[in-house]
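Down below is the structure, laid out as structure tokens.
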Amino acid sequence: MIDFITFCDYTGTFAFAISGIRLASAKQFDWFGAYVVGLVTAVGGGTIRDILLNATPFWMEQTSYLTVSALALLFVIIFRKYVIRLNNTFFIFDAIGLGLFGVVGIAKTLEFGFPMWVAIVMGTITGSFGGMMRDILINEEPLIFRKDIYALACVFGGIVYYICILAGLSPAITQFSSALGIFLMRIIAVKYHISVPVLKGEE
């Protein structure tokens, strides 16, 4: 049996890779280009997190993350008629990846002995920076800089994580609640058009 964090890590990798490959397909990238975009989406945020934590980037120690990203490409190729044509496919997989990776970032940072506020920052970086790199690669305005609730959903998940720790809940329940909180925050924000006010310059 794998622990919940490992499950989040691989499932988040698969989900984020699909979201990147899905957008790359819309830009008519070839298979290799789509794989690169998917891989960067999946490992980008975690790589920055590990560098800041002074740790070896996780994917450099295990080839499984490259394999999972390749499986995501294969999944999109096989089920492309359903994955590429459905406009909400990207959103669902991106929201899943955001929630799962946010928890992975928080848990790993706490394991390194950092305080909770640092863990929340690292969880936000883990969850959202891969998507930022993805958007840059496909020449889109990064989603994290738009008015959508995206990175702030990770912050919310971090607060949920902290509350669960204070409540004395088990690690598995704490991590699940945090991931679910991030996912639901993202879903609710989009469904009800909740956004961050735009900073307007001079007109």
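Computed from the coordinates by the stated procedures, all read-outs in this text should not be read as laboratory data. Predicted, not measured: the structure shown is a model, and the values here were computed from it. Don't worry about glycine lacking a Cβ; one is built from the backbone with ideal geometry, like all the others, and counts go over all protein chains shown.
Rg over Rh for the chain works out to 0.97, both radii taken from alpha-carbon positions and Rh defined as the Kirkwood radius. Counted as membrane-span-like here are DSSP H helices of the chain whose alpha-carbon atoms extend 24 Å or more along the helix's own axis and whose Kyte-Doolittle mean is -0.5 or above; these are 4-26, 31-52, 87-111, 116-137, 171-191. The charge dipole of the chain, taken about its Cα centre with unit charges on the Cβ of Lys, Arg, Asp and Glu (plus for the first two, minus for the last two), comes to roughly 520 debye.
Potential lengthening of the chain between ILE188 and PHE112 amounts to 24.1 nm, from the contour at 0.36 nm per residue minus the alpha-carbon distance.
Just in the stretch 28-135: which trypsin sites (Lys or Arg not before Pro) are loop by DSSP and have at most 14 other Cβ atoms within 10 Å?
ARG85
With a cut-off of at most 12 other beta carbons within 10 Å, and DSSP calling the residue loop, which chymotrypsin sites (Phe, Trp or Tyr not before Pro) in the stretch 116-203 qualify? Please list them. Answer in residue order: TYR192.
Between their Cα atoms, which of LYS81/LYS191; LYS27/LYS200; LYS27/LYS108 are more than 32 Å away from each other?
Numbers: LYS81/LYS191 25 Å; LYS27/LYS200 30 Å; LYS27/LYS108 34 Å.
Violating the 32 Å Cα-Cα cut-off are LYS27/LYS108.
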